[in-house]
Each structure stands twice: as structure tokens, then as C-alpha cells.
Amino acid sequence: MTLLLATVVVILSVIIQPSTSFTILPSTTRQMPSTTAIYAKKKGRQTNIPKPLPTGPPPQDINLPEDVTMEQLMDVLGPTRLKKMARKNRRSRNQKIREGKVVLNERGEWVERD
């Protein structure tokens, strides 16, 4: 009986082996084809596509009261965000200085060139 079973396994392995990448193993273990991971479809959102930026009112439409203090701004916006805003404003101001679009007036303020 075992000789017959072994013969059948050998014959089936010869028939099945050339057509697929499966191998005949005992029933206790299961092996997946080796090429499954290579040809698997990627599911979900692609990671290299940037997310759209949030939309909000333009900066011209945001009005602050005249009596706002720096402490109140820090409470509302947070110190990290204010630092980011200051760095961004410095970068844009320095670029305008390099291009000659702004000049220093007599009070020490940077103003648009006339």
C-alpha cells in the first residue's frame, strides 16, 4: 500500500512540477508559490501622491484686533506655529531683499521699494 502511495506521489509530482511552482509536501505544512509577493497587486492609496492642501480663507481676509498681545497669540496658535510663521516671513523678506524689492527706511523698517 505504501509503495503504491509513494508511486502516485512521484508521478503526480512529475506531472504537477513543470506547470506550477508548488512542491509536494506532507499535509502538515503548506507552501505558497515563490512568486506571489512579486506579482501581488498593491491595494489602497498610493504613497507617492501628495495629499491636497487644506483650504481656508486667504490671509487678507483674516483680521486681528488691534489690542492682541503676543501672549494671547501664543495661547491660541501655540509657540511652534508662531516660530514657523516667523521663519517663513524671514525667508520671504530676505528673498525680497536679495531681489531688491524692499528697502530699509529711516525708522529701520523694511518697506516696498517705490
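Scanning the range 57-74 for residues that are polar (S, T, N, Q) and not in a helix (DSSP H, G or I), we see that the one that is modelled with the lowest pLDDT is N63. Does T80 satisfy the criteria of being modelled with pLDDT of 75 or more, loosely packed, with under 10 Cβ neighbours inside 10 Å, on the phi < 0 side of the Ramachandran plot and not aromatic (F, W, Y)? For T80, the condition - modelled with pLDDT of 75 or more, loosely packed, with under 10 Cβ neighbours inside 10 Å, on the phi < 0 side of the Ramachandran plot and not aromatic (F, W, Y) - is met.
The values are calculated or read from the model by the stated rules, or taken from the named source; none is laboratory data. Quantities reported herein were computed from a predicted structural model and do not represent experimental measurements. With ideal geometry, Cβ positions are generated from the backbone for all residues, glycine too; neighbour counts draw on all protein chains shown.
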